[in-house]
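The values are calculated or read from the model by the stated rules, or taken from the named source; none is laboratory data. Not measured: the values here are computed from a predicted model. Note: ideal-geometry Cβ built from the backbone for every residue, glycine included; neighbour counts use all protein chains shown.
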Amino acid sequence: MLHRPIRNIQDFLLSTYFADGIRITIGVLCPSLIMAQFGMLQYGMTLSLGALCISVVDSPGPITHRRNAMLITTALLAIVSILVGLTNQSILVSGVLLVFCSFFFSMFFVYGVRAASIGTAVLLIMVLSIDDIRPWKEVLFYTLLIFLGSIWYTLLSYLVYRLRPYRLLQQTLSESIQQISEFLRAKAKFYKENTDYEKNYAELLQLQVHVHEKQDEVRELLFKTREIIRDGTPESRFLLLVFVDTVDLFEQVMSTYYNYKELHLQFDSSGILRRYERLINQIASSLENVAFALKSGGTPHIEKDLLRGVEKLKHRISVLEKNKNQQYNTLGLIALKNIEVNIENILGRVKTITGYFNKSEKKNLKNREIDVDRFVTKQNFDFKLFFENLTFSSSTFRHSLRVAIVMLIGFAVAKILDFDHSYWILLTILVISKPGFSLTKQRNFERIIGTVVGAFIGMGILVYIHDKNTLFVILLVCMIGSYSFQRKNYVVSVLFMTPYILVLFDFLGMGSLSIARERIYDTLIGSGIALLASYSLFPNWEHEKLKQAMTDIINANRNYFNQVTLLYFNKNDHNSTNYKVARKEVYVSTSNLASLFQRMFSEPKSKQLYIKELHQFTVLNHLLSSYIATLSLYNKEHDFLFENFEELKPVSENTIYLLNEAAENITLHKEEIRNVPLIRRKAQPDVKEDSPSAIISEQFTSIQKVAYDIFKLAEKLKI
């Protein structure tokens with residue numbers, strides 16, 4: 001296996017991020033280079049500007065969505081370019097147009113992220129053109145060049161997709177598997193001696209958010225791309241099977257949740273927990289090999305050392321089970337066996353996925369019937385939605401109003417200061433302003449750090465390097481770096497962007513150290529205005545979304561539990577699609593709540609409401625979904641007989657009742673404190689603790705206990 005840093009570099013070079021960077025760099029740079037050969041660099045720069053604006057909406061997703069977004073943006077860029085060009089001689093008219101467009105295009109957030117990027121692209125061309133005063137004939141010609149640059153980039157992006165239609169899906173699926181691998185490594189840390197449980201758990205929640213985001217990206221690409229769904233080629237079947245199995249694999253990984261403190265107290269001296277940690281990390285490495293093979297076109301293999309490790313672990317458990325000195329209790333040994341079985345099952349799924357890469361097997365893979373419409377979110381583009389959000393109760397409306405006011409303030413400040421490139425103030429405000437305070441604060445910090453450090457790097461380059469060929473290579477590297485990291489790491493993106501702009505100005509004969517200073521000043525001014533506004537002008541605080549996020553996760557877990565109980569009580573009514581949709585909703589709602597929880601920490605202390613309770617609530621719901629997943633997998637992976645499932649029905653029904661009451665308590669807070677009892681099954685002395693009946697019964701009881709804890713916590717909260 002390659003050394004990890006080398007593998008990380010290769011992973012990045014084969015990723016969607018680097019592919020985006022190369023495509024955007026080619027799209028933006030080529031028009032200028034070609035036109036410069038004919039002495040028309042100025043026209044080439046305008047063509048490049050059109051390409052740059054269109055690249056904003058060319059984020060990963062189904063090709064039809066990307067194509068449609070680029071064509072709509074092309075039309076809007078032309079319209080706004082003409083409007084700005086014909087009115088920018090009047091500061092008053094320009095200000096009014098800026099306010100209107102800032103509000104109108106910021107409202108595109110109601111239609112989703114891609115629509116929001118369309119609004120950002122249009123505002124970008126407006127900001128860059130607002131000080132560019134020309135005669136009306138030149139305005140029309142300028143607009144034509146913007147239009148042609150946009151069309152050029154759209155055609156380039158479409159051509160790249162057609163040349164390798166499965167490439168983006170392969171890369172995104174690979175990144176999804178990589179995130180599951182990271183999640184497994186985080187799980188392995190729980191088996192370390194003296195581990196920090198709180199820190200590990202926080203990391204686990206954050207990684208779960210990343211896993212969900214990547215899986216959602218894959219669903220969008222896989223289920224909304226007609227060619228992949230309809231063609232039924234070996235490659236499309238292969239990618240579909242790999243994705244479906246990795247989602248099942250993640251459920252398997254999610255199910256492994258135990259009382260790690262108790263395990264460490266009992267078994268640290270035996271050294272067996274270190275074996276678990278090592279094995280889980282080895283499985284994570286096998287998953288990384290699968291992810292890398294998807295991007296590189298290779299064939300992954302399971303290490304023999306991993307298979308031997310599982311056998312050694314089983315032998316070690318059997319030695320402990322003899323328990324000659326009675327130092328280990330039965331429940332602890334059962335937990336060890338369950339973890340080992342789970343590891344075997346996870347490894348079995350990794351083997352299955354690895355087997356799909358076999359070229360001879362690839363041809364014989366059979367398609368799976370999937371109701372794709374139920375696994376993807378459809379965006380409603382009805383105008384009615386726009387007008388329904390024209391109210392202060394809408395966070396998008398408040399954000400749009402704030403952006404309009406802040407852009408006007410920035411415009412006024414820019415005119416008063418009269419810097420040579422004062423549009424940088426508006427540009428900074430545009431890219432920093434986000435719907436929530438925490439996101440604005442984060443982007444603000446990243447922008448300032450990246451700009452200041454990048455400016456010093458850029459000044460160093462211009463002071464010590466004068467060879468034009470060397471400067472061009474640096475310009476190329478900075479462009480690729482900036483566009484490659486704009487979705488992955490914004491600080492690094494800006495760090496590359498600032499030297500790229502300074503070197504570009506030097507090529508245009510406008511380079512000087514004063515440009516770098518001015519860029520820093522403009523960034524600081526724009527950042528300050530945007531941050532103050534996000535705090536004082538109609539702010540959107542995360543605690544406003546708490547009630548919805550908390551009820552969503554309770555309802556999702558209840559529906560998931562409902563679907564799993566059908567496996568036990570009424571298997572004829574069990575529908576695999578309903579089950580998988582319910583499971584997906586658990587991941588979505590868990591991700592939303594975890595993201596909200598993380599963002600709250602960036603807000604002022606006075607706005608961080610119920611932090612302790614929210615943390616406890618998040619932990620309990622994660623525990624609940626883990627227990628439900630364990631119950632589901634136990635039924636699917638074991639052939640057993642349970643004497644009387646009817647005995648478990650009261651426990652199941654009480655669990656659902658508790659979750660319903662918890663959701664109702666959060667939605668409509670009730671003042672009275674109620675004593676809802678737990679349903680307990682009678683002890684059965686003739687049933688062994690490690691028998692299937694006992695394990696299933698204990699799992700139902702554990703789920704009910706967690707539901708009860710959620711119910712009692714919901715009673716205390718007054719949101």
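Looking at Ala116, Ala36, Ala19 in this structure, which one is under 30 Å from Phe538 (Cα atoms), at pLDDT below 95 and out of contact with any Pro (no Cβ under 8 Å at 6 or more places or on another chain)? Walk me through how you get there before you give the answer.
On the way: Ala36 fails: under 30 Å from Phe538 (Cα atoms); Ala19 fails: under 30 Å from Phe538 (Cα atoms).
Being under 30 Å from Phe538 (Cα atoms), at pLDDT below 95 and out of contact with any Pro (no Cβ under 8 Å at 6 or more places or on another chain) holds for just one of Ala116, Ala36, Ala19, which is Ala116.
Based on this model, can you work out whether Leu287 counts as farther than 25 Å from Glu198 by Cα, assigned to a helix (DSSP H, G or I) and aliphatic (A, V, I, L, M)?
yes
If you take the residues in segment 57-95 that are in contact with a Gly (Cβ under 9 Å, 6 or more places away or on another chain) and under 25 Å from Leu221 (Cβ atoms), which one is modelled with the highest pLDDT?
Thr74
Yes/no per residue for (1) assigned by TED's automatic domain parsing to the domain that holds Leu513; (2) at pLDDT below 90; (3) farther than 30 Å from Tyr521 by Cβ; (4) not in a loop (DSSP other than H, G, I, E, B):
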residue: Ile343; (1), (2), (3), (4): no, yes, yes, yes
residue: Leu347; (1), (2), (3), (4): no, no, yes, yes
residue: Thr354; (1), (2), (3), (4): no, no, yes, yes
residue: Ser360; (1), (2), (3), (4): no, yes, yes, yes
residue: Thr377; (1), (2), (3), (4): no, yes, yes, no
residue: Lys384; (1), (2), (3), (4): no, yes, yes, yes
residue: Ile416; (1), (2), (3), (4): yes, yes, no, yes
residue: His421; (1), (2), (3), (4): yes, yes, no, no
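Which count do you get for residues in segment 643-687 that are basic (Lys, Arg), modelled with pLDDT under 65 and surrounded by 11 or more Cβ atoms within 10 Å (Cβ to Cβ)? Full working, then the answer.
Initially, segment 643-687 is screened for residues basic (Lys, Arg), giving 649, 670, 674, 680-682.
Still in the list and also modelled with pLDDT under 65: 681-682.
Filter once more, keeping what is surrounded by 11 or more Cβ atoms within 10 Å (Cβ to Cβ): 681.
The total comes to 1.
Would you point out the residue of segment 475-497, among those that are closer than 16 Å to Val28 by Cβ and among the β-branched types (Val, Ile, Thr), that is farthest from the chain's Cα centre (by Cα)?
Residue satisfying both the conditions and the ranking: Val477.
Considering each residue of segment 231-288, count those that are of a type outside the set (Ser, Thr, Tyr) and within 17 Å of Asn200 (Cα to Cα), and give that number.
Residues flagged as of a type outside the set (Ser, Thr, Tyr) and within 17 Å of Asn200 (Cα to Cα) within segment 231-288 amount to 14.
Being surrounded by 21 or more Cβ atoms within 10 Å (Cβ to Cβ), in contact (Cβ under 8 Å) with a residue 24 or more places away in the chain and over 16 Å from Ile425 (Cα atoms): is that true of Leu495 here?
So Leu495 passes the test.
Give Arg583, Arg599 a once-over and let me know the one that is modelled with pLDDT under 85, in a helix (DSSP H, G or I) and not assigned by TED's automatic domain parsing to the domain that holds Glu251.
Residue meeting the stated conditions: Arg599.
Residue check: is Leu287 under 18 Å from Tyr356 (Cα atoms), surrounded by 23 or more Cβ atoms within 10 Å (Cβ to Cβ), among the aliphatic types (A, V, I, L, M) and under 20 Å from the mean Cα position of the chain (by Cα)?
yes
Is segment 463-472 home to any residue that is closer than 23 Å to Thr396 by Cα and surrounded by fewer than 20 Cβ atoms within 10 Å (Cβ to Cβ)?
No, there is no match, as no residue in segment 463-472 is closer than 23 Å to Thr396 by Cα and surrounded by fewer than 20 Cβ atoms within 10 Å (Cβ to Cβ).
Residue check: is Val57 assigned by TED's automatic domain parsing to the domain that holds Ile133 and part of a helix (DSSP H, G or I)?
Numbers: assigned by TED's automatic domain parsing to the domain that holds Ile133: yes; part of a helix (DSSP H, G or I): no.
Answer is no for this residue.
Of the numbered conditions (1) modelled with pLDDT under 65; (2) among the aromatic types (Phe, Trp, Tyr); (3) in contact with a Ser or Thr (Cβ under 7 Å, 6 or more places away or on another chain), Phe640 satisfies every one except a single condition; which is it?
Single failed check for Phe640: (3).
For the list (1) buried (at least 17 other Cβ atoms within 10 Å of the Cβ); (2) closer than 26 Å to Thr440 by Cβ, I need the number of the one condition that Lys612 fails.
Unmet condition: (1).
Within segment 132-148, count every residue that is of a type in the set (Val, Ile, Thr) and more than 38 Å from the chain's Cα centre (by Cα).
First pass over segment 132-148, keeping only residues of a type in the set (Val, Ile, Thr): 133, 139, 143, 146.
Going one step further and asking which of them are more than 38 Å from the chain's Cα centre (by Cα), we end up with 133, 139.
Selection size over segment 132-148: 2.
Run down Leu249, Leu221 and say which single residue is farther than 23 Å from His65 by Cβ, in the same structural domain as Leu331 (by TED's automatic domain parsing), at pLDDT 85 or above and buried (at least 21 other Cβ atoms within 10 Å of the Cβ). If you could, list the steps in order and put the result at the bottom.
Numbers: Leu221 fails: farther than 23 Å from His65 by Cβ.
None of the others qualify; the one that does is Leu249.
For the condition part of a helix (DSSP H, G or I), in contact (Cβ under 8 Å) with a residue 24 or more places away in the chain and farther than 30 Å from Ile302 by Cβ, what is the one hit in Leu29, Leu83, Leu33, Leu92? Reasoning before the result, please.
Values: Leu83 fails: in contact (Cβ under 8 Å) with a residue 24 or more places away in the chain; Leu33 fails: in contact (Cβ under 8 Å) with a residue 24 or more places away in the chain; Leu92 fails: in contact (Cβ under 8 Å) with a residue 24 or more places away in the chain.
Matching residue, one of Leu29, Leu83, Leu33, Leu92: Leu29.
Sort through Asn559, Asn575, Asn570 and tell me the only one that's surrounded by fewer than 21 Cβ atoms within 10 Å (Cβ to Cβ), of a type in the set (S, T, N, Q) and under 25 Å from the mean Cα position of the chain (by Cα).
Asn559
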